Amino acid sequence: MSNYRTYKNSTPARMLEFFARNPDEELTTADVAVKFDVSPRSVTSTLRDAVGEGLITRERVKGTSVYRAGPALQRNRHG
């Protein structure tokens with residue numbers, strides 16, 4: 001069980017809610033910046049802890065980061 005905590009309405013919290021509702025979606029860094037109104041330069045550092053906990057996954061694809069629901073988030077949905 002994860003001890004990860006985030007603030008309500010923070011970017012990580014909003015992304016976790018998004019991926020909980022849309023587990024098959026993926027977002028690039030640019031998508032995250034537009035959808036959640038944050039600087040593209042801050043996305044990686046903002047999501048670092050959620051990625052570290054396995055709640056969100058980050059993969060480099062053709063020079064950009066792609067974010068998806070992580071295995072820990074998916075487990076929380078089903079168990």
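The values are calculated or read from the model by the stated rules, or taken from the named source; none is laboratory data. Treat the numbers as computed from the prediction; the structure is a model and nothing was measured. Every residue, glycine as well, gets a Cβ built from its backbone with ideal geometry; the counts of neighbours run over all protein chains shown.
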Subject >> Subset of the range 1-35 that is at pLDDT below 95 and aromatic (Phe, Trp, Tyr) - its residue that is nearest to ILE56 (Cα to Cα) >> reply: TYR4
Original post:
Given the residues ALA50, ALA33, ALA72, which is the only one that is in contact (Cβ under 8 Å) with a residue 40 or more places away in the chain, over 9 Å from the mean Cα position of the chain (by Cα) and part of a helix (DSSP H, G or I)?
Top reply: ALA72
Original post:
Which residues, taken from the range 37-47, are over 11 Å from the mean Cα position of the chain (by Cα) and surrounded by 14 or more Cβ atoms within 10 Å (Cβ to Cβ)?
Top reply: VAL38, PRO40
Subject >> Residues (in contact with a Ser or Thr (Cβ under 6 Å, 6 or more places away or on another chain), of a type in the set (D, E, K, R) and either part of a strand (DSSP E or B) or surrounded by fewer than 12 Cβ atoms within 10 Å (Cβ to Cβ) (or both)) located in the range 53-69 >> reply: ARG58, ARG68
